[in-house]
Structure formats: C-alpha cells, structure tokens
Amino acid sequence: MKLPRIMSNAILRASALPRSGPYPTLDPFLFCVYHKDAYPADVTGKGEFVHTGSGADFDPDADYRMYHGDHIPGFPQHPHRGFETITATIDGIIDHADSLGNAGRYGEGDVQWMTAGAGLVHDEMFPLLDKPNHTRFFQIWLNLPSAKKMAVPSFAMFWANDVPIWKADDGLAKVTVWAGHYFGVGKDTQNKPPPDSWATDIENDVGVLHIEVQPGGEMVLPKANNDKSNRSMYLIEGADGQVKVDGKVVSEKVCLTLDTTKDVSIELPDSAKEATEFLVLQGKPIDEPVVQHGPFVMNTQSEIRDAFMDYQRTQFGGWPWPRDDMVFPKDKGRFALVEGKETYPDDGKEKDEL
C-alpha cells in the first residue's frame, strides 16, 4: 500500500489505515480496533439471528459483522491475561459478562475499563433489540508493566454523563476525554483509572481522546506533558480531503505519528461536507519486552506458557453464566453489576429509550 505523504514539523509519520482489523499502535498501547456495525432490530423475538455466523466474520463490506458469534454477534467468552481493555463507545449497546461475576449493558458514550491482570474470562456481545442497534466504539488494549501483569483483575464502568467533554466556544469542535485530560478538562473527573493501570500515574501521560470537528471548526492538540510520550492520531471519519492537520491536508483515513513536543492544529473549512473525527492515543512507553500469544500478553515466552497452563487448570475462576454468549433481556436498560452491586447511569434515559 502506498503511504500518504503528509510530513510536517509535528507529523513524524503517516500510514494508511486498514479497511478492517486492528490499527497500528505504539507503546504503551497494544491494540486498537474501530467497530462500526448497523445491527437490525430483532425479527425472531428471541434476540437471535435466523442465520448463523461463521465463527470468524470480519467482512469489511458488510453492514454488520457477526465476529465470533453464532446466532448473536460479538465475542463469546474468552480469556485474557497481562493487560487492560478500554471499550470506549460512541453509539449503540454492548453486553458484558465475566468470570468475576461482573456484568453490564452499556453504550451511547459509556466507557468500560477492565484490568485482566492475572487472568479473567469475559464476553462482549452486541444484543439484538426491538429497534436497530447501530454500534460505534473502540476496543483498546493498554499494556501493564511487568510488576502489574499479575494484578488482581477488576472491572469499572464510566457512564457517559460522567465522561469529561471539552467544547470550543463556537461549538464547532469537541474533545471527549476517555483517559487523561485536554487543557485541564478531565483532571478532576471521578473516572479514575483502575489502581494497577499504567494510566494511574499521571507521569505516564496516558491519554485517550475522541476529537470531533465540524465544518468551519478548528482546535489545537497541545504538546504532551511528558516529552518521552508516544502519540498516535487516527482519522476515522470525514476523510474527504479537506481537513488540515498541522497545516497539511489529510485526504484519507490514516494513522499519524506525532511529535509530542509540539502543538498540533486541526482545521476543517466551511466547505467540508461532513464533520471529521479523530482518535488520539498517547502515553509514556513502558519500554519492556512484549510477548503476545492470542489473548495473553506477557514479557517472556515462559510466562505465556504459564498463562496457558493456568487457564487450562483453573479457567481463571470458571464461567458463572448460563451461556457462552451471554446477553441480557431486550428491555433491560444500561447497568453495571460490579462485585454484586448493580448501578445505573444517572442521565434520565429510561429502559424503553434504549
């Protein structure tokens, strides 16, 4: 694939994004994928598709994908060890269940943050509801340093109404702060990263930002707080050849590796036909060996072998749910069940609005 030529003082490298599958990432991030699926309303009355999935449906040309699901799209129960997952939603509804007994239905701007640590099993399914479920979200893997690889697993839910958002005075630019902060917005949030996360120490400068710029809008991405940080910026929507990043036109969906010691401007002219959206991943690198095999990410091959043996022996606590592709009743609203306590978003949305 021919790489776009978009060099500037702040843009170190540019690479075209794949049509499907994971995006390139830099330490401390391991994995990032952008999901966009238009699931239809349930027509069976059972919350299932009439047809079955292939077990590996990732067709980029389809309106929606079954992924590893059979009658229900999504990712049935599977294990993880040695890292964290951040599931940051924009639209749609997702169901989660795990081997700790935690569960949740979330979406529409909610963020789920899970520390796999020493090991847990979970599923992520996309329920069929009484109306279409059009999902847009990011699944992001954040590495854990060696000292925290075997941390106690945990699960947290950050409701959309608690997620910090910066808006330009003219309303033409918006930054949703899923982790870190933007010009101070997010510093005082109650949504603190889990205690064993690399993001917990502010010196590690971890940031996960969703940027939206409307036609006629402009904004600045300020330099990082740590000169050693890595920063990747992904153009995910609105690549119509008009948006400028650091004064350079970006005409396709790309990953931009940015110089974190420099401010970066983003401008979208009035003539643009649609808004532009970016994802920003930033953080000080952990700078340790990374050995990954499937769902396990450790520092050595020996630790990977131990992970497989531990999972085979213990199933990381076992699966307490009645089905591998656990979903919840269609009329159940957004909720989080953590350590036996069920909580709900305080945003005025009733169950029948979902």
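Worth a mention:
- Using the average count of surrounding beta-carbon atoms within 10 Å as a protection proxy, the listed peptides 314-327, 54-67, 97-110 rank, highest first, as 97-110, 314-327, 54-67.
- Coarse-grained scattering of the chain at q = 0.09, 0.14, 0.15 Å⁻¹, given as base-10 log I(q)/I(0) from a Debye sum over alpha-carbon atoms: -0.49, -1.25, -1.42
- Between Pro79, Met66, His35, the Cα set farthest toward the positive side of the dipole of the range 33-86 (charges on each charged residue's Cβ, about the Cα centre) is that of Pro79.
- At the listed q of 0.23 Å⁻¹, the Debye profile of the range 9-129, built from one uniform point per Cα, gives log10 I(q)/I(0) equal to -1.56.
- With the simple spin-label model, which puts each label point 7 Å out from Cα in the Cβ direction, the Leu26 to Val290 separation comes to 1.2 nm.
- Protection proxy ranking, highest mean first, for peptides 222-234, 188-200, 330-342: 222-234, 188-200, 330-342, where packing is the per-residue count of other beta-carbon atoms within 10 Å, averaged.
- Computed about its Cα centre, the charge dipole of the range 1-131 is approximately 680 debye, with only Lys, Arg, Asp and Glu carrying charge at their Cβ.
- Legend: calculated FRET efficiency, Thr261 to Asp91, from the Cβ-Cβ distance at R0 = 56 Å, rounded to 0.05, equals 0.95.
- Listed residue (Gly333, Phe278, Gln312) projecting farthest to the positive dipole end of the range 264-354, Cβ model: Gln312
- Between helix 301-314 and the chain: long-axis angle, C-alpha atoms, 0 to 90°, nearest 10: 40
- Extending 7 Å from Cα along the Cβ direction at His71 and again at Ser302 yields two label points whose distance is 4.8 nm.
- About the centre of its Cα atoms, the range 235-354 shows a dipole size close to 340 debye [charges on the beta carbon of Lys, Arg (+1) and Asp, Glu (-1) only; nearest 20 debye].
- For Lys167, the lysines whose Cα comes closer than 16 Å to its Cα, not counting residues fewer than 8 places off in the same chain, are Lys187.
- Under a model in which nothing but the beta-carbon of Lys, Arg (+1) and Asp, Glu (-1) is charged, the chain shows a dipole of about 760 debye around its Cα centre.
- Working from label points 7 Å from Cα in the Cα-to-Cβ sense, the Ser251 to Val50 distance is 4.5 nm.
- Dipole axis of the range 169-280 (+1 Lys, Arg; -1 Asp, Glu on Cβ), positive-most option in Val213, Gln190, Ser232: Ser232
- At R0 = 56 Å, FRET efficiency that the Cβ-Cβ distance of Asp240 and Arg313 yields, to 0.05: 0.60
- Amide H contacts for Ala179 (H built 1.01 Å from N in the peptide plane; partners 5 or more residues away or on another chain; cut-off under 5 Å): Val208.
- Compared with the alpha-carbon gap, the fully stretched path from Phe58 to Ile165 is longer by 35.3 nm at 0.36 nm per residue.
Only the coordinates and a few stated rules stand behind these numbers; no lab work does. This is a predicted model, so every value here is computed, not measured. Every residue, glycine among them, receives a Cβ derived from its backbone with ideal geometry; neighbour counts consider all protein chains shown.
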